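Remarks on the structure that follows.
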Amino acid sequence: MSRPMADSHRRFLQTMMSNGIISASQAEALHKHCCETHGAHYVADRLDDFINVINAQLQPLFMYIRKGMSEENGLEYYALVNMTETDITRMASDYADNELELFRKTMDLIVDSESGSASSTDILNSADSLRTKKLKKKETEHVLNKFVQDKWLNEKDGEYTLSVRCVVEMEQYMRTIYPDLIKVCHVCHNIALQCQMCENPACGIKVHLPCAARYFRARSDPHCPSCNDFWPHEIPEMQRFQSQSSQNLPSSSRENTAPTTSRRSRRS
Amino acid sequence: MSQRKKSVSASQNKTQRRSQASLNEDEEASFSQVSSSQVQRARENFTSDQIDRKVAEVVQFILIKDQKKMPIRRADIVKHVIKDYKLLYTDIINRVCRTFEQVFGLKLVETDPKNHIYILINKLDPIQGEPVSMRSVNPKKGLLFVILSVIFMKGGVIKENLVWNSLKKLRVDPGEKHDEFGDVKKVVTDEFVRQKYLEYVKIPHTEPVEYEFRWGLRSEKEVSKLKMLEFVGELFEQDPQSWTQQFREASTVDSSSQRTSS
Ligand SMILES: [Zn+2]
Ligand SMILES: [Zn+2]
């Protein structure tokens, strides 16, 4: 029953493969570009239909293009996800064993933290206990930089968080490895790391900051969407996050929306 | 073109080839001795779900190798992925090829029929001005494009010195470490050659030894000569048709079957 793919779809997929992740506004521009390049019929707000055609063909290959939201700016992204990987092998082709171990340790720290972030000091300390091959302080910093450049981590003032790409592509892995630590956002049902939490111990639901901004927008007296207890956190301003449906607005935030060099271009 | 290629690779690495020969024969034998009844029995041994799964695994294996620009060898595919399904190799690889063409717009091409090495080639034409970069915004591609155009404009094969001199004019000195490319000479003679963008071959009977460059197989398949000619034309503000010979070659190659899009 699935509709066949045309060259417009193939070009879209190729671009996804070389970029790993693209923002929703980039995806929209790319959709238009691919349709126009190959003389295909283009309908502006049918991006998800267009992607579904690709996903139908990717499914037997255990891959698909998935939408995710950045925990930091609330913007939507599309990433190519591999379902066969139960480990972080997605990264295996680009990093050495000890670099991968460092990534796992960083992820441990972030998932285990309340803030959904890990300080560079903590990561550097954990690098001392690498079993594969020790990394010097300078090397560790260099590798962390590479993780940020390749869009697996975000960094702000020495605090590292998992990027939207990482959360989208490694959701399966994270759910397997941290079954008790991983909670989902009560509003959008995606993995929640950087978020607010209900303080009712019997409830304790989590809500992403952009989701909280949206959810509590019009409420002067915010209550937990699950247990109805008072919501004790400061409600983030919507303006902090560009509106969800923002189209073709270049993001000014530090989240990686720019098409930086892809994994393809990494050389030793 | 293919004629020339054969003679070039034949003259290359004779000793290396000899040592590989016995290994290849073993592998070759295990492939050629498969009878059709064996294949038939193997087909019955596996469910279609199992075969689907194998096809997916081979596709992923090849994608990763391609991403790292590492050689894609039949021997590795068999050893790491196909394993017990070896009798069905042809069945599986045919479906893998179809998947690459239909889903990804890529073509799996055997570049070395003796050692069974493949590369993935893009079937879609490169397009300028993509809203999101296709296949990475790699400055090395620019370097490659310049070299390919120099080779092309000089008739398809040039001595290496000519390439280095052309690059020097663009302030890329192969003798110095470049900010963007690092070791330029290594990128050109090793990386581009490994990726099949360029051929870099010793000229026979030269003392001291001299090398020459040609287009590699990946370039032949992926780079549009007509577009390259337009680019060079723009650069020198000349009508591409004024280079009669190149223009003729470019138009015949581009209109021939290699760029069939479905
Ligand atoms: Zn949420
Ligand atoms: Zn609650």
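In the stretch A:168-213, which residues are away from ligand 1 (no atom under 11 Å from the Cβ), surrounded by 23 or more Cβ atoms within 10 Å (Cβ to Cβ) and more than 14 Å from the chain's Cα centre (by Cα)? Residue satisfying the conditions is A:Cys198 alone. Hey, among the residues in the stretch A:184-228 that are away from ligand 2 (no atom under 13 Å from the Cβ) and of a type in the set (A, V, I, L, M), which one's nearest to the other protein chains (Cβ to nearest Cβ)? Top of the filtered list is A:Ile191.
A quick yes/no check of all residues on (1) more than 12 Å from chain A (Cβ to nearest Cβ); (2) at pLDDT 85 or above; (3) surrounded by 13 or more Cβ atoms within 10 Å (Cβ to Cβ):
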| site | (1), (2), (3) |
| --- | --- |
| B:Arg41 | yes, yes, no |
| B:Val55 | no, yes, yes |
| B:Ile64 | no, no, yes |
| B:Ile93 | yes, yes, yes |
| B:Leu124 | no, yes, yes |
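The sole residue among B:Lys196, B:Lys169, B:Lys186, B:Lys154 that is within 14 Å of chain A (Cβ to nearest Cβ) and modelled with pLDDT under 90 is B:Lys186. Considering the stretch A:1-25 alone, what residues qualify as being touching a His at 6+ places or on another chain (Cβ under 8 Å), within 9 Å of chain B (Cβ to nearest Cβ) and outside any loop (DSSP other than H, G, I, E, B)? Within the stretch A:1-25, A:Asp7, A:Arg11 qualify.
A:Val53: within 12 Å of another protein chain (Cβ to nearest Cβ) and either surrounded by 14 or more Cβ atoms within 10 Å (Cβ to Cβ) or more than 22 Å from the chain's Cα centre (by Cα) (or both), yes or no? When the stated conditions are applied, A:Val53 passes them.
Only one entry of A:Leu109, A:Leu58 meets the criterion of being more than 14 Å from chain B (Cβ to nearest Cβ) and either assigned to a helix (DSSP H, G or I) or hydrophobic (A, V, I, L, M, F, W, C) (or both), and that entry is A:Leu109. The single condition among (1) away from chain B (no Cβ under 14 Å); (2) of a type outside the set (S, T, N, Q); (3) assigned to a loop (DSSP other than H, G, I, E, B); (4) farther than 23 Å from B:Gln102 by Cα that A:Asp94 does not satisfy is (1). Go through (1) more than 24 Å from B:Lys107 (Cβ to Cβ); (2) without any contact (Cβ under 8 Å) to a residue 24 or more places away in the chain; (3) in a helix (DSSP H, G or I) and name the single condition A:Glu28 misses. (2) is the only condition that A:Glu28 fails.
The values are calculated or read from the model by the stated rules, or taken from the named source; none is laboratory data. Everything quoted here is computed from the prediction, not taken from an experiment. Cβ: placed from backbone, ideal geometry, glycine included. Neighbour counts: every protein chain shown.
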